[in-house]
1. What residue, among those in the range 214-244 that are within 16 Å of ligand 1 (Cβ to nearest atom), of a type outside the set (A, V, I, L, M, F, W, C) and assigned to a loop (DSSP other than H, G, I, E, B), is surrounded by the most Cβ atoms within 10 Å (Cβ to Cβ)?
2. Please tell me if Asp322 is in a loop (DSSP other than H, G, I, E, B), at pLDDT 95 or above, within 16 Å of ligand 2 (Cβ to nearest atom) and of a type in the set (D, E, K, R).
3. Suppose the filter is more than 25 Å from Ser308 (Cα to Cα) and crowded, with 22+ Cβ neighbours inside 10 Å; does Glu165 pass it?
4. Going by the conditions given, is Asn73 part of a loop (DSSP other than H, G, I, E, B), touching a residue at least 12 places away in the same chain (Cβ under 8 Å) and over 20 Å from Phe304 (Cα atoms)?
5. All but one of (1) part of a helix (DSSP H, G or I); (2) within 16 Å of ligand 2 (Cβ to nearest atom) hold for Thr303; which doesn't?
6. Is there any pair with a first residue in the range 109-127 that is closer than 13 Å to Asp344 by Cα and open to solvent by less than 40 Å² (accessible area, probe 1.4 Å) and a second that is of a type in the set (Ser, Thr, Tyr) and part of a helix (DSSP H, G or I) whose Cβ atoms are under 8 Å apart and which are 6 or more apart or on different chains, and what are they?
7. Quick test for you: out of Ser263, Ser295, pick the one residue that is within 16 Å of ligand 2 (Cβ to nearest atom), open to solvent by less than 10 Å² (accessible area, probe 1.4 Å), among the hydroxyl-bearing types (Ser, Thr, Tyr) and not in a loop (DSSP other than H, G, I, E, B).
8. Among the numbered criteria (1) within 14 Å of ligand 1 (Cβ to nearest atom); (2) open to solvent by less than 40 Å² (accessible area, probe 1.4 Å); (3) closer than 21 Å to Ala267 by Cα; (4) not small (Gly, Ala, Ser), which single criterion is violated by Pro200?
Amino acid sequence: MKGIFVTQEALSRSKSQPTYRILGIESSCDETAAAIVENGSLILSNVVASQAAYHAQFGGVFPEVASRQHVLNFPLVIEQALKEAHLDIADVDGIAVTRGPGLPGSLVVGVNFAKGLALVSEKPLIGVHHLEAHIHSVGLSERNEETKELLYPAIGLIVSGGHTELLLIEDRLQYVPLGATLDDAAGEAFDKVARLLSLPYPGGPSIQAASRNGDPNAFAFPRAWLEGTWNFSFSGLKTAVLREVKKLERYGSSLPIEDLAASFQQAVIDVLVGKTLMAAEKFMARSILVVGGVSANRALRETFLSKSGLPVLIPPAYLCTDNAAMTAAVGYFRYLAGQRDGWDMDVLPNWPLHSLSKSSSFKGLQ
Ligand code: KG4
Ligand code: ZN
């Protein structure tokens, strides 16, 4: 396996490292999640209440339904996270919560629960960027598993329902955004194309399943390379699928769903893998990380692992989609860096990742 690994035992033997346990709270979209993570890597508990079944009838996330489900789910989810870790709130060292980006009404629920808990337990409150949390999902591990350490500089690809971002990661908390999608996010494209093909929400897993027996070369869908930039675009691809569906319907043909799904999936994979590997070469990266909901896609994972000559770190599928273990992990590193937030901490639904970055030491960006 490609990657750099250190055993948990080796880490716990390192006497210089005190133990800090962070409770993570996440509600940026439609998952209500709480988790406890030790020293930014060891998962003591990881509870996720998925609302997918509530939103499936709308074919996407219905924001008000999401907020109200968070209100109902959080007490049970947090209680369960503490119970599974065999800890009391008094035993944690800090409370990390997603401030943004995300749905405003969903973020508000998580941030308010975190503030209430921090207030009564007198623990530090740490507001976390959701995409920075996805980046740190690669360093998480269960007990008796190896801990993964990234080699810097790394190239990071974040592909989720709301974001497609390519970054140069110079150090643990130092990112330089290189490019992003100009229109639909990769996950959003999966969800919209699934809807076109009458496949159920969430679209990513549905397209993956339908593609299994499809021919990825059946339809020559366009790849938007946007040469000279590190940006992405998926709306033209979505429109090309729509045009093909309409054409087939006009001729009265039954839709070759599996071939359409596989050809669409292949077009997304070609661009995501192609541009990431080009960036890795250009910025002399020593490793690559791929995170976010779309990184759960099996064909995408296999393509990265087979095409890259560098170590590629991709979390297990259950840590690719939204969870609070990654929130707790980044909360730990921000806690060590001295971050403490006050009661005036607000949600930031459109928080840009570049606001976290410092100036780059790399000469000749772009
Ligand atoms: O990171 P995430 O859980 O939530 C956001 O922060 O957006 O990502 C959700 C997205 C959805 O668009 C979903 O369709 C996509 O990740 N996704 C997948 C797969 N599993 C989830 N896309 C492709 N293949 C999958 N297996
Ligand atoms: Zn996410």
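The values are calculated or read from the model by the stated rules, or taken from the named source; none is laboratory data. Note that the structure is predicted; figures quoted are calculated from it, not measured. As a convention, Cβ positions derive from the backbone with ideal geometry for all residues, glycine included, and neighbour counts pool all protein chains shown. These accessible areas exclude ligands, DNA and RNA; they are computed on the full protein's heavy atoms, side chains included. Shrake-Rupley method; radii C 1.70, N 1.55, O 1.52, S 1.80 Å.
1. Top of the filtered list is Gly214.
2. yes
3. Details: more than 25 Å from Ser308 (Cα to Cα): no; crowded, with 22+ Cβ neighbours inside 10 Å: yes.
The answer is no for Glu165.
4. On the way: part of a loop (DSSP other than H, G, I, E, B): no; touching a residue at least 12 places away in the same chain (Cβ under 8 Å): yes; over 20 Å from Phe304 (Cα atoms): yes.
The answer is no for Asn73.
5. Single failed check for Thr303: (2).
6. Note: pairs meeting the criteria are Ile126/Tyr335.
7. Values: Ser263 fails: within 16 Å of ligand 2 (Cβ to nearest atom).
It is Ser295.
8. Against the list (1) within 14 Å of ligand 1 (Cβ to nearest atom); (2) open to solvent by less than 40 Å² (accessible area, probe 1.4 Å); (3) closer than 21 Å to Ala267 by Cα; (4) not small (Gly, Ala, Ser), Pro200 comes up short only on (2).
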